[in-house]
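What follows is one structure encoded as structure tokens, with my remarks underneath.
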Amino acid sequence: MLLEVEPFKNISILGVGLIGGSLGMALKQFSSSVKVTGLFRRKEAIAEAKKVGAIDVGTTNFKEGLKNADLVFICTPVSTIVPLIKEIIPYLKEGTVITDVGSVKSSIVHSVGKFLPPHLHFIGGHPLAGSERGGVQAAFPTLFKNAFYIITPTQKTNTEALKLLHSLLTQIGANVIAIDPDRHDRIVAFISHLPHLLACSLVNLAASQATEVENLLLFAATGFRDMTRIAAGNPGIWADICLENKKAIDEAIEEFQKEILKIRSLIRDNKKEKLYNQLDQARQARVNLPTVLYKDLSQLRDLLIPVTDKPGVLSEVTVAIGRLGINIEDIEIIHGKGRGILKITLVGQQNAIKSARELRKIGYEVRILKTVNSKVY
């Protein structure tokens, strides 16, 4: 049997900084019926979070702040997420969904899976949104608008909990993609963690030259500032991230070394044509990076998938689609006796065709409908 999870009316946030504060603002803006409770280590921080509109109420008491929570967001540094989940378990009611926003997923998801009791549900999460600025003062309600928000369900993930969390994140404007936690960590090592370390290394290198030549940083122009903006991020948070994801980061650094040494070799050997090709290849890849995703309602497509009523089905389907880099707009489950219909809404006919092909490979029957007028393809 699927465990029914009530819609999220009471939401608690541990760690009301940039991400947690922005979540609170977005949730309150999305629905006036949602009550957002912030949990804090310091009483002084409560007033500031209330002042900027990130929470409805704040407390330093776990029992008080979690007793009615339907959904809990853990928005603290990655090294504290697992210990915090252990600490709050006694205060949570049956059916509460827990999620986090840590930029490392594998160690967190696998660790929590070992001790989480069956009456609670954990779904790893990572919004690909943020700023070099920190604190609740930097929070704003549209931080997640059109941003990718990765969730990392497993075969054990409760179907209703996954559906409700996905729907909530979509409602605050995020493009939600389900990815295997191990694959997530390798991806972010290359697109997030390595770039941060490169920015830090470049700033440190330029600063170190101040004793040998004129202070290079005095002459830093737009290109240097654009490339190194992220080096202004919180060093404590980034130290945690690097140590939690060290295996994937080590691989990323090794691959980058090969690339930069290739460039150095072409320069040393005066290989202008090959150097030009390398630079042009990078230019084209950068120009073709996806921009903000605008949604044309006429392009919405539904995948109708007959499924058995058993754990892991929704996780398997969403992760299969996530592997293609396609975000899901909506999830609906039409329950039957032992079986049901899973309706997945996507943007774009080609995305629907690709997703259907991938799902058929793993044994699912799929029909594609045009959402607007239910015309069968």
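Let's see how each residue does on (1) free of Cβ contacts under 8 Å to residues at least 40 places away in the same chain; (2) touching a Lys or Arg at 6+ places or on another chain (Cβ under 7 Å); (3) of a type in the set (Gly, Ala, Ser); (4) surrounded by fewer than 17 Cβ atoms within 10 Å (Cβ to Cβ):
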| position | (1), (2), (3), (4) |
| --- | --- |
| Ser33 | yes, yes, yes, yes |
| Lys51 | yes, no, no, yes |
| Ala54 | no, no, yes, no |
| Ile85 | yes, no, no, no |
| Thr96 | yes, no, no, no |
| Phe115 | yes, yes, no, yes |
Checked Gly340, Gly363, Gly325 against criteria (small (Gly, Ala, Ser), outside any helix (DSSP H, G or I) and within 20 Å of the chain's Cα centre (by Cα)); the one match is Gly325
Would you mention how many residues in the stretch 49-71 are under 26 Å from the mean Cα position of the chain (by Cα) and either closer than 20 Å to Asp100 by Cβ or not basic (Lys, Arg) (or both)? 15
Scan the stretch 6-25 and report the pairs whose first residue is closer than 18 Å to Leu162 by Cα and buried (at least 24 other Cβ atoms within 10 Å of the Cβ) and whose second residue is modelled with pLDDT of 95 or more and among the polar types (S, T, N, Q), with Cβ atoms within less than 6 Å and a gap of 6+ or a chain change. Ser12/Thr37
What are the pairs with Cβ atoms under 8 angstrom where one residue, in the stretch 319-330, is under 12 Å from Leu359 (Cβ atoms) and without any contact (Cβ under 8 Å) to a residue 60 or more places away in the chain and the other, located anywhere, is among the aliphatic types (A, V, I, L, M) and surrounded by fewer than 21 Cβ atoms within 10 Å (Cβ to Cβ)? Sequence gap at least six, or different chains. Ala320/Leu359; Ala320/Ile362
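For the stretch 44-58, indicate whether the set of residues that are in a loop (DSSP other than H, G, I, E, B), in contact with a strand residue (DSSP E or B) (Cβ under 8 Å, 6 or more places away or on another chain), among the β-branched types (Val, Ile, Thr) and outside the structural domain of His166 (by TED's automatic domain parsing) is non-empty.
In the first step, residues of the stretch 44-58 are kept if they are in a loop (DSSP other than H, G, I, E, B); the result is 52-56.
Now drop any that are not in contact with a strand residue (DSSP E or B) (Cβ under 8 Å, 6 or more places away or on another chain), which leaves 54-56.
Going one step further and asking which of them are among the β-branched types (Val, Ile, Thr), we end up with 55.
Applying the additional criterion that residues be outside the structural domain of His166 (by TED's automatic domain parsing) yields none.
No, the conditions are met nowhere in the stretch 44-58.
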Might you check whether a residue that is out of contact with any Gly (no Cβ under 9 Å at 6 or more places or on another chain) and buried (at least 21 other Cβ atoms within 10 Å of the Cβ) occurs anywhere in the stretch 117-126? yes
Cross-chain or 6+ apart pairs with Cβ under 6 Å, the stretch 185-211 first and farther than 30 Å from Gly125 by Cβ and not assigned by TED's automatic domain parsing to the domain that holds Ala129, then among the β-branched types (Val, Ile, Thr) and modelled with pLDDT of 95 or more: none
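Hey, can you tell me all the residues within the stretch 241-278 that are under 18 Å from Ser192 (Cβ atoms) and either in contact with a strand residue (DSSP E or B) (Cβ under 8 Å, 6 or more places away or on another chain) or outside any helix (DSSP H, G or I) (or both)? Give the steps one after another, and end with the answer.
Initial filter on the stretch 241-278 (under 18 Å from Ser192 (Cβ atoms)): 241-256, 259.
Correct list: Asn245 only.
The values are calculated or read from the model by the stated rules, or taken from the named source; none is laboratory data. All figures in this text were calculated on a predicted structure; none of them were measured in a lab. Positions of Cβ are generated from backbone atoms using ideal geometry, with glycine treated the same way; all protein chains shown enter the neighbour counts.
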